[in-house]
Every structure is written in structure tokens, then in C-alpha cells.
Amino acid sequence: MPISLAFVRPTGPDLWAFYLLIGLWLAMGSAGWLLLRWLWSSEEGHRGL
Amino acid sequence: MSGIPSAIAALGPGALLAAETIPNEQALALGPTLGWLVFACALLVMAIAVLDVERVRAFWLRTEDPRSLGAFRIVFALVLLLNINNMWAHFEFLFTDEGLYLGDSARQYGAGRQFWGYGLGGEGEAAGFFDLSAVLWWAKGPRYSLLHFWDSPGFFWGYIAVFEIATIAFLLGFRTRAMGFLSLILTLGLMNRSPIYQSGADVVFRVMFVYLVLSRCGHAYSIDNWLRCRKLRRAGRLSERDGPGEGAGAIVSDDEGKDSEQPRELEAIYRRIPAWPRMLILLQLVTIYLWTGCAKTGSVWSKGDSLYYALNLDHFSRVPTQYFGYVFGTNLFRMMTWTVHFWQMGFGLMVLGLIVRWARREGLERPEQPWRRWALRACWLGLALLALAITWVGLPVHIPPDAKLSLGALRGLVAGGWLVFITLFALGWRRLRDRPVVLRLRGHEWTLDLESFCTVFLGRKLWLTLGLFFHLHILVLMNIGMFAPVMIAVYIACLNGTEVAVILRRLGMALARLGVPGMAEWVVRGEAITPTESLEFIREREAKGLRRVSQPLVGARLLPVGVLVASFAGVVAGVLARVEDVSWWAWPLVLGVALPTAYALGGRLVGGREGTKSSDSGDAKDGWVYAYGAFGRGVVMTFVAVHLACVAAWSIPDKDCTRSFRAPAREVVKPWMYRTQTHQSWNMFAPNPTRSNVFMKVFVTDAEGELWDLYTDANSPRNKIQPWFIYDRMGKITRRVTGKGKHYQKWVARYHCRMWALEHDGEVPEEVMIMKQWYRVPSPETMRKRGPYQPEDYLAKHGHQKEVYTAKCATEPDAQPTNELRRRHGLPEVDEATIHRATKRRRPRWDSRQGVESKVRKGRAKATKALRQAKREAQRHAWQTLGAQPPQR
């Protein structure tokens, strides 16, 4: 199927739900980055089991 | 034509239509071969346990920081409270005699076998248990619930109040052990009274709660530990953060600091706890993901459309998701679906990485004797080759009919690929362990050794982060209940206690910066976390004879390997006897399981807590601290081994090619799984996610003939809101009633007959009709072409409906309120003859139970014999006619 970039524009509830999804991805990206940074760091306490 | 095919042919084409799936005879015929290969794997696992016994023991019986399970306890109890209380609106429907079932019917149709010896009361039959053997029969379980005995709304509200108090006390860590058990018992009571509402999340709660109450999770972040520390501090017996031991425990003399003839113990703030319950939680997490990953064998998953369909299920719609499907359904969502599937299948690698790194850190790398090392390598290699053999044998029934490669070519590819992989794995492992790889790029240097390989590829960074993303998507976009929160809560158990402490200190520092009061001074200053009880302190305490009975033990005597081998031999003999259908198969099995504990008990009685030393027993690893004495170790290791074996047998995938051994294996472990309340199934969205939205409408025709729509469905316009925060169990109930749980349809209709009468001056309506309504979700391609849709409009345009059940309320059993209910609601009583009950008297059946049991036994033996004969014939038939076969499930 050829890729088409012509999309219906979201309106009403679709619009705010779309913003929510983008917000979720941004939040998850930030949280993931923080998690990775913390797990890479060498703070006190042993790592693992 | 013979055996099963001939039986089907004899019944005619109707039988084929009636059958849910047509069994693949070729796959069925592979069952015995696969069963023996799996059994060989089990033998090798036992051999590994014997050969590597020191590491196995050290792993399961070690002690650890309590803060991981302390934090998990708090979050788990919180989500449990949310999970139970979000049923608030349906409490009386689910759990009382004014709900789905009248009390007697709940016993008879929800736990009929268990309540076989329980009378209804009334003519010729006393209410309650008939005799002591009836009580013992009931005690065999598994549906234990106080709500089977008392289920009036008044009792129920008292019950739920006790549950709330016990769970909050457990959350706060007040009388943690007792409150945990009480809360668990009451939670199980709710689940056992009313299975209709339960989903995968409830199974997670049930199983994880069992493991959690077995742990000493109250040793941290609890009122209990706070009270203990306060008491010790007052007595001058606590190791403070700024005193000797810095909180990790110390032995001091009375003249401050120097050892003396009379040393004094300063106890640690965070005492070590046994680690095995947390290890069970971790392995259970792997089981959930691996099971559900393996079960997702359908075409929707392979095509990558599962996320699209899941987001378009209207019962789960937290926010409108059709536009997401329209934009991302044919691209990003497919990538996400495949990533989730890959992640679920591979999640176990994370636990493997954790164990490997732990063993290396503790210096537990390899057994000392060369022959043991070689034998271990041979066992691991054997397991890898057996895995290949299982794939080789099962491949013919797993390739689609339109596969582009021939069976021979596929087998060659799989075998070649697997052999290359295990060779590279073994060589790579050795290389990374002994001679790490150093990579240089633009002046930077990276060293890849075994530790960093396990940290990156088998580490929590990768696997937990992916899991967190997956569950957060579910949580935010889908109103699917508490599955995502409880799974995220379980991730806490993937961190160790000091990691949890570091995270909480960071959080505390951040909150203090925001001006939140109440943070400890050391947290605000960002000082090092309070250390765990030190191992040196434990060893010193033992050396100076200060250890008390419940405290960890250093290097006690171990169970002789001979006892372990004899135990495994008993289990193997039991399994083989079961395969051959020998009547006494359970005896060697039970003896094998009981032997280590019996030996340990003997050792305890003769040699005290450290046990006795026999010729082939050795001391534990030098200075290794164990959580228990000899007897405790025997009991815990037996429990862990039995439980792991039972969960493994219970988890055998449900396929035609496993049918011959899956059913008998599950039959053997079923009593354990049900009585420990850890029975489980994780076929979530598997083998394919549902692609239809199904709703249930309930219509009442009242005594005047007027029709009323009760708007019972969670998705009905009256109930649906967006964004949808509260999870409504009626969605799950609807799907169950209109789907696999068809037997519930009549009970739902009868309930509405009764409720209508109670709410309309006792007037029973004419009839209650249940209507199923559904529409197929358009494919991602169709959605992409046509644009997003409004679910209500789409249902009106493309939906279907059909009547699934109609209850005539005047004559249907249990469709009229009993006089007791009428009295409760202040309604006039009616002639008992107008009240029809669904329950039957049990006394006659109970009195003749011996005869019945004997008949059942005989019938079962006859059926087993016939089935075996039919299987043999089917196997012969399958091998003779290897032609076009129905696809493997």
C-alpha cells in the first residue's frame, strides 16, 4: 500500500486525545532517560539481586 | 478410517460443526515423543540442581535487604485496595445473596463439589454440614470463602470493612504478617465467591499476594520496624546511623567500643530477610510474560495489528483512540506490537542476567571439582540440544500450508542456526569472561566483559524500561483495570533493597527542595543510605554466641547429595508410574518430595538447629549466611522445588502436540496449584486479540407488558464517559456472559427478575431478555482508507444483535425473590409454592456418595482406557495418512 501523508485533521475529543498521546510519549521518553541515567550511575549500594 | 476420525464420521458432519476446533491428528501423534523430550529436559534440570547444589542453595537461601519488599508491600496493598474498591457499585451484585446468586445457589453452582455435604435446610434436610466427613470434604477446597456461609448485605459490609482495615494495616506495616494473611484470606474469599468479574489482573493479585505474605516484608518501611527500633533505642540496643555500625549492627562492649568479656549487641535498623519469596515473585513475573508471549501465536500478532485492535475495543476506551488507529495503525503500531511480543518472550533474559551477575559478585562461579564442571557443561549442552530436538519434532505441524520453504529446508535452517548460536554463545561467554573485548573508536575506549554484557543486553535498563513503556501505554490509553498498575508495582521487586533506598532518598531530596516538610535530616543533606544489616556483624554475633533462634545462620550443615538424589529418584519413579497408569504412582512421588524435609527434621531433632553432619554432607561455603537452620532450609527448598515444578507443568502450552502429556501433568499438579491459590492462566489477547466489540443489553418486560432497557452495559450511553477514569467491571462481566461464560446468562436474567420485583413492590416482571450486540472492528487498512469513526455511529450502521436468553420470571428457577428477601425489604410474603428454587437436595446424594464415588472411579478408568485406545488408533491413522492436515492450534 503506498504511503500517503494526507490525513484527516483531528477535531474535538480526537484532538485532545492526540495531544494526550504525544504528551505520554514525551513523558515516557523523559522518564526512560532518567531511568537509564540512574541505572548507569554508580551510586552507593550494590546493583542486581 | 478409525479411532477419533471414525467416531467423528459416525456422528456426522454436525459433530464437526459443533466441535470448537478440529484437532490436528498429526500434531496429536507427536505428543508422546514431545512428552518424553520434555521429560528428558526435566531430568537434566534435576541433574543440574544436584551438580550445582551449592549455588542453587546459596541462591534460594540467602538473605537480603528488606526495603525492596517493604516498598513493594506498600504499593501492592495500595493497588489492591483500588482493585477491590473499584467494584464498589457492584459489591452487592457480586458478593451477596441479593446479587447474581442466591446463597444456596452460589454454593451449589459456584462450589458444588466442595459443598456436596452441606444441606439446604427445610424439609428432611438440616442446614449446614451433614457430618464431620462433610466438613473434611469441604476442607479439600479450593473455593474457600466466608461468603459461602454468610452472604447477606449486612454481613458483607462488615466483611469488606474488616478487609479494608486489614489491608490498610498491612500497607502501613502494623502487625504485618498477621494483617497480610488476614487480608489475603479475605481477598481470596471475594474471588472464590464470585469468579465472574475476574480478569488477568486479579490473577496477578492473587498469586503475588501469596508470595508476598510468605516474605518478611514488614521488616522495612513499617510501623512494626519503627516500633522495634524505638524500643531498642530506649534500651540502648540499636545501631544508629551515627553510632557504632552506622545502622548495620555492631557488637560493642559496655565500656564503649572495645571488645570485652561481655559483648553487647546493637541491632541493625534493617535486618536481613530471606530472599526466596522475592525470587519467586521475579520468576512469576517471567512466567506471566513468557506464557502470554508464547500463547500469542495468531496471525494478528504476526501481522502486527494487535495494538490497533486492542485500542479499538470500546470497553477499554479511556480516551477516543480511533484517530490513533487511523494515523498509526498501519505503521508505528505494528512496530510497537512486534516490540511488545519480542519483549514478552525475552523478559526471562533479564532474570538470567541478574542471577549471573549475582553469582559472579558473590564469587560463586563454578563448582570446584573438574568432573562437576564438565558434567554441568554437558547438562547445559544437553538442554540446548533437547530444545532443538523439540523444535525439530514439532516443526512439521507449525509451518503454514503456504510456506515458501520445504520442511527439510526449514529444519536445516533451524538446526544449523541453533547449533551456530549455541556455539557462538558458549565461545562468546568464555571470551567475555576470560578476555574482555576492548573497542576503540575516535579515541574512546569501551571494554565489553561478561559483566557489562549482562548489564546491557540482559539488564533491567533494557527490559524494565520496555516493560514500563508498554504498561504506561496501557494505563493511559486503555481503561483495562489494575493490570498495568499491579505489573508496574511488581517491578519494584526487580530492584534490590539498597536500590529502592537510593531512589527514595533522591525522591526525598527533591521533595525537600520543593519545601515538603517531614524529611529526615540525612535525606535532605543527601547522605549515604542506611546500610543493610552487615554480614560481618552476623558472623561476629554468631562467633560470640549472641545469635537468637530466628536469626540467620552462618555455614550450617548441608543436606547430603545422596538424599537429594534419592528424592529426585522418587519423583522420577512417580512420574514414570503415572505415565504407565500404575495405581500407586503417588507414593514414590510423595516419598521423594518428603524425604529432604524428613531428613532435615531428623537432623534438627538430633543435632539442633545446625543439623547433623553425615559422611557426604559438607559445610556450606565458608562464612555463607543462610536464612534458616537445617530444618528450615529443608522445608523452604522443598516448597520452592515443588512449587517451581508445579508451575512449570501447569504452564505447558495448550497445543494439539502437547495434549497427550499436558492434561495428565496438569491433573497431577492441580491440587497444589488450587490449594495454594496459585493456579493461573495468562492467555491475554492470545492467540489473537478479539476483533469485535461485544455488548450486552438487558430488557425487562414488566407485568403490564411494557418494555424497559436497563442500560446495564458499561458501554451504554448512560454509563460511558470520556475520559474514563474508573474501571467498570461490568465490561468484563458482559464479555464473559456473552462469550465463553454462557452458563451465566440465565443467572444474570434471573437476577434481574428478582431485583425488578424487589424494586417494584414485589411484583415479578413477565420476562427478562438478554440481547447480545456486536460489531467487527474495521481492519487497519480499512480505517486508513475511510478515516476514523465514532463507535456509536459505527455500531448503529454495522452492528448486529441477537437474543441470547429469555427468562420467564414467574416460572424460571431462582427468578423470584425468596420470602426472606421480601421480609428484608419490607415486602409482603408470598406462597412458597410460587417460589421456584434452582437448588437440589443434597442429602440423598451425600448418603450414597460411596456408590457415586465408586461409579465415578470406574467410569473414569473406563473412559481413560477408551481414550488411550482411540489415541493409539488416531496415531496409527495419522502416520498412515500424512496428507492435508488442519493447521496446528
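Quick test for you: out of B:Gly200, B:Gly158, B:Gly173, B:Gly180, pick the one residue that is surrounded by fewer than 19 Cβ atoms within 10 Å (Cβ to Cβ) and farther than 15 Å from B:Leu82 by Cα.
Among B:Gly200, B:Gly158, B:Gly173, B:Gly180, only B:Gly158 is surrounded by fewer than 19 Cβ atoms within 10 Å (Cβ to Cβ) and farther than 15 Å from B:Leu82 by Cα.
Just give me the residues in the stretch B:354-400 being exposed (fewer than 15 other Cβ atoms within 10 Å of the Cβ) and within 14 Å of another protein chain (Cβ to nearest Cβ), in sequence order.
B:Arg361, B:Gly363, listed by residue number.
Just one of the numbered conditions (1) among the hydrophobic types (A, V, I, L, M, F, W, C); (2) surrounded by 19 or more Cβ atoms within 10 Å (Cβ to Cβ); (3) in contact with a Leu (Cβ under 7 Å, 6 or more places away or on another chain) is not true of B:Val502; which one?
The number of the failed condition is (3).
So how many residues does the stretch B:747-779 have that are in contact with a strand residue (DSSP E or B) (Cβ under 9 Å, 6 or more places away or on another chain) and free of Cβ contacts under 8 Å to residues at least 40 places away in the same chain?
Adding up the residues that qualify gives 0.
Answer yes if at least one residue in the stretch B:206-216 is under 25 Å from B:Ile503 (Cα atoms) and touching a strand residue (DSSP E or B) at 6+ places or on another chain (Cβ under 8 Å), and no otherwise.
Looking through the stretch B:206-216, at least one residue is under 25 Å from B:Ile503 (Cα atoms) and touching a strand residue (DSSP E or B) at 6+ places or on another chain (Cβ under 8 Å).
So B:Leu511 passes all but one of these: (1) away from every other protein chain (no Cβ under 14 Å); (2) at pLDDT below 95; (3) part of a helix (DSSP H, G or I). Which condition number does it fail?
(2)
Could you tell me whether any residue of the stretch B:517-530 is assigned to a helix (DSSP H, G or I) and either hydroxyl-bearing (Ser, Thr, Tyr) or within 30 Å of B:Leu591 (Cα to Cα) (or both)?
Among the residues of the stretch B:517-530, not one is assigned to a helix (DSSP H, G or I) and either hydroxyl-bearing (Ser, Thr, Tyr) or within 30 Å of B:Leu591 (Cα to Cα) (or both), which makes the answer no.
B:Thr738: surrounded by 22 or more Cβ atoms within 10 Å (Cβ to Cβ), at negative phi and either modelled with pLDDT of 95 or more or not assigned by TED's automatic domain parsing to the domain that holds B:Arg334 (or both), yes or no?
In short, yes.
Test of understanding: among B:Arg541, B:Arg506, which residue is more than 11 Å from chain A (Cβ to nearest Cβ) and either without any contact (Cβ under 8 Å) to a residue 24 or more places away in the chain or in a helix (DSSP H, G or I) (or both)?
The conditions single out B:Arg541.
Inspect all residues belonging to the stretch B:89-106 and state whether any of them is modelled with pLDDT under 95 and surrounded by fewer than 17 Cβ atoms within 10 Å (Cβ to Cβ).
Yes, the stretch B:89-106 has at least one match.
Test of understanding: among B:Trp650, B:Trp587, which residue is more than 26 Å from B:Pro277 (Cα to Cα), among the aromatic types (Phe, Trp, Tyr) and at pLDDT 95 or above?
Residue meeting the stated conditions: B:Trp587.
Testing B:Met336 on (1) under 22 Å from B:Phe695 (Cβ atoms); (2) within 14 Å of chain A (Cβ to nearest Cβ); (3) under 26 Å from the mean Cα position of the chain (by Cα), one condition comes back false. Which one is that?
The number of the failed condition is (1).
Residue check, B:Gln551 against (1) within 14 Å of chain A (Cβ to nearest Cβ); (2) under 32 Å from the mean Cα position of the chain (by Cα), all met but one. Which one?
Failed condition: (1).
Pairs needed: first member in the stretch B:178-204, free of Cβ contacts under 8 Å to residues at least 12 places away in the same chain; second member anywhere, in a helix (DSSP H, G or I); C-beta distance under 8 Å; at least 6 residues apart or different chains.
If the second residue must be in a helix (DSSP H, G or I), no pairs are left.
Look through B:Thr806, B:Thr834, B:Thr818 and report the one residue that is surrounded by fewer than 16 Cβ atoms within 10 Å (Cβ to Cβ) and modelled with pLDDT of 90 or more.
Going through B:Thr806, B:Thr834, B:Thr818 in turn, just one is surrounded by fewer than 16 Cβ atoms within 10 Å (Cβ to Cβ) and modelled with pLDDT of 90 or more: B:Thr834.
Just to verify a result, which residue in the stretch B:755-779, among those that are surrounded by fewer than 20 Cβ atoms within 10 Å (Cβ to Cβ) and of a type in the set (Gly, Ala, Ser), is nearest to the other protein chains (Cβ to nearest Cβ)?
B:Ser779
Can you name every residue in the stretch A:5-14 that is more than 8 Å from chain B (Cβ to nearest Cβ) and either in contact with a strand residue (DSSP E or B) (Cβ under 6 Å, 6 or more places away or on another chain) or modelled with pLDDT of 85 or more (or both)?
The answer is A:Arg9, A:Thr11, A:Gly12.
Confirm whether B:Tyr308 is of a type in the set (Phe, Trp, Tyr), farther than 30 Å from B:Phe209 by Cβ and either free of Cβ contacts under 8 Å to residues at least 24 places away in the same chain or within 14 Å of chain A (Cβ to nearest Cβ) (or both).
Against the criterion (of a type in the set (Phe, Trp, Tyr), farther than 30 Å from B:Phe209 by Cβ and either free of Cβ contacts under 8 Å to residues at least 24 places away in the same chain or within 14 Å of chain A (Cβ to nearest Cβ) (or both)), B:Tyr308 qualifies.
So, B:Asn719, is that one farther than 30 Å from B:Gln114 by Cβ, more than 14 Å from chain A (Cβ to nearest Cβ) and modelled with pLDDT under 95 or not?
Answer is yes for this residue.
Would you call B:Asn719 surrounded by 18 or more Cβ atoms within 10 Å (Cβ to Cβ), of a type in the set (S, T, N, Q) and out of contact with any Cys (no Cβ under 8 Å at 6 or more places or on another chain)?
no
One line per residue, one yes/no per condition, for (1) in a helix (DSSP H, G or I); (2) touching a residue at least 12 places away in the same chain (Cβ under 8 Å):
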residue: B:Thr297; (1), (2): no, yes
residue: B:Ser302; (1), (2): yes, no
residue: B:Gly325; (1), (2): yes, yes
residue: B:Thr330; (1), (2): no, yes
residue: B:Ala359; (1), (2): yes, yes
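I'd like to know if the stretch B:674-681 contains one or more residues that are over 21 Å from B:Arg776 (Cα atoms) and touching a strand residue (DSSP E or B) at 6+ places or on another chain (Cβ under 8 Å).
no
Only one of these conditions is not met by B:Thr782: (1) more than 14 Å from chain A (Cβ to nearest Cβ); (2) without any contact (Cβ under 8 Å) to a residue 60 or more places away in the chain; (3) surrounded by fewer than 19 Cβ atoms within 10 Å (Cβ to Cβ); (4) not basic (Lys, Arg). Which number is it?
Only one criterion is unmet by B:Thr782, namely (1).
Within the stretch B:482-503, work out how many residues are more than 25 Å from B:Leu82 (Cβ to Cβ) and either among the basic types (Lys, Arg) or more than 9 Å from chain A (Cβ to nearest Cβ) (or both).
Number of matching residues: 0.
If you go through the stretch B:98-106 one residue at a time, do you hit one that is in contact (Cβ under 8 Å) with a residue 60 or more places away in the chain and within 23 Å of the chain's Cα centre (by Cα)?
Looking through the stretch B:98-106, none of the residues is in contact (Cβ under 8 Å) with a residue 60 or more places away in the chain and within 23 Å of the chain's Cα centre (by Cα).
Which residue out of B:Leu553, B:Leu595, B:Leu564 is in contact (Cβ under 8 Å) with a residue 12 or more places away in the chain, aliphatic (A, V, I, L, M) and in contact with a strand residue (DSSP E or B) (Cβ under 7 Å, 6 or more places away or on another chain)?
So the residue among B:Leu553, B:Leu595, B:Leu564 that is in contact (Cβ under 8 Å) with a residue 12 or more places away in the chain, aliphatic (A, V, I, L, M) and in contact with a strand residue (DSSP E or B) (Cβ under 7 Å, 6 or more places away or on another chain) is B:Leu553.
The values are calculated or read from the model by the stated rules, or taken from the named source; none is laboratory data. Nothing here was measured: the structure is a model prediction, and the numbers come from that model. Ideal geometry is used to build each Cβ from the backbone, glycine not excepted, and the neighbour counts take in all protein chains shown.
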